[in-house]
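The values are calculated or read from the model by the stated rules, or taken from the named source; none is laboratory data. Bear in mind the structure is a predicted one, so any value in this text is a computation, not a measurement. Cβ: placed from backbone, ideal geometry, glycine included. Neighbour counts: every protein chain shown. Areas reflect the complete protein model, heavy atoms only, side chains present, ligands, DNA and RNA absent. Shrake-Rupley method; radii C 1.70, N 1.55, O 1.52, S 1.80 Å.
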Amino acid sequence: MNGAESLVRTLVKGGVEVCFANPGTSEMHFVGALDRVEGMRCVLGLFEGVVTGAADGYARMAGKPAATLLHCGPGLANGLANLHNARRAST
């Protein structure tokens, strides 16, 4: 087991079943772990604003948390507005 698999297993044990992702090349180990670990479904999106908004919407409707996988640096910056909204809504 590597660090990426350990992280996915931790998320699954914490009740996270879905990861909305816009991965880059530096996140490929985590993407591979999403395929190997049972209990986590990955939904790909074309833009960080889409995946962060989808994760927030999913959490609000399902009543349970979702994860996001974003590009390092700029990807996080592109999703910050939706992450702020999720924080304000306690999702």
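Of the residues making up the stretch 8-23, those that are out of contact with any helix residue (DSSP H, G or I) (no Cβ under 7 Å at 6 or more places or on another chain) and within 13 Å of Thr68 (Cβ to Cβ) are Leu11, Val16. The residue that is least open to solvent (accessible area, probe 1.4 Å), counting only those in the stretch 6-25 that are farther than 19 Å from Cys72 by Cα and among the polar types (S, T, N, Q), is Ser6. Figure legend. Inter-residue proximity from the stretch 63-77: first residues under 11 Å from Gly49 (Cα atoms), second residues at pLDDT 80 or above and open to solvent by 50 Å² or more (accessible area, probe 1.4 Å), beta-carbon distance below 7 Å, spacing 6+ or different chains. Indicated pairs: Leu70/Leu76. Whether any residue in the stretch 77-86 is closer than 19 Å to Leu7 by Cα and within 13 Å of the chain's Cα centre (by Cα) is what I want to check. The answer is no; no qualifying residue exists. Are any residues in the stretch 34-91 open to solvent by less than 80 Å² (accessible area, probe 1.4 Å), more than 13 Å from Val16 (Cα to Cα) and among the hydroxyl-bearing types (Ser, Thr, Tyr), and if so, which ones? Result: Thr52, single match.
Do we have any residue at all in the stretch 59-70 that's touching a helix residue (DSSP H, G or I) at 6+ places or on another chain (Cβ under 7 Å) and basic (Lys, Arg)? Within the stretch 59-70, none of the residues are touching a helix residue (DSSP H, G or I) at 6+ places or on another chain (Cβ under 7 Å) and basic (Lys, Arg). Note on the chain: enclosed helices (runs of 4 or more DSSP H) holding 2 or more residues that are modelled with pLDDT of 95 or more are 3-13, 48-62.
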